[in-house]
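First the structure, in the form of structure tokens, and then the observations on it.
The values are calculated or read from the model by the stated rules, or taken from the named source; none is laboratory data. Here the structure is a predicted model, which means the values were calculated and not measured. All Cβ positions, even for glycine, are placed from backbone atoms using ideal geometry, and neighbour counts span all protein chains on display. Quick note on the areas: whole protein, heavy atoms, side chains included, nothing else; ligands and nucleic acids left out. Shrake-Rupley method; radii C 1.70, N 1.55, O 1.52, S 1.80 Å.
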Amino acid sequence: MDDQKYRGASGNITETFSDVLDSLILSKRITKDYFLSLPEQQQGELKQKALKLASEKLKPLMEQNDSLRALQNCIDANNTKMLIEITKKHGWLTASGLECKEKFKTVLIFRHAPKKYWNEVRAIIEKERTAKRLTGYEYYVIDNHLKGRPPLTKKPSDFVDK
């Protein structure tokens, strides 16, 4: 379903962090060995700066490009429409329920549902929760999206049925 196709970052945070840290060390005109001999607090300050710069550099692909955002929005709409139809017909889908060896998280599709589908998604998750086919955590994550994504305050481990 390509749900994450354009959401990924444009690079690897570990590699980018290392590259940025190396650049910062060079900009200070010090060697890597000298850097490693500095007190932890001084190393930490430079590492924090490197992490911040690396994170800014690795924004999700679709945040960097309007065309990719439009493509991802189209994928999200199609996936949402398809999952609504399937769920209405068969109930909430899980890998185990389909005896599928491929791991997937159906919840992510409704987590990215466009606003125009929110009423329909709300009705579905309420029905599936009542039928006990939707876990507490899945309900929480989708419900959070339908409420405009306020900060999540719970983790999967906070739910008995995850």
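Heavy-atom accessible surface of Tyr137, to the nearest 10 Å², is about 60 Å², with a 1.4 Å probe and all protein chains retained.
Here the calculated FRET efficiency for Glu56 and Glu120, from their Cβ-Cβ distance with R0 = 30 Å, stands at 0.25, rounded to the nearest 0.05. Accessible area per residue (1.4 Å probe, heavy atoms of protein chains only) ranks Leu53, Leu46 as Leu53, Leu46, with the largest value leading.
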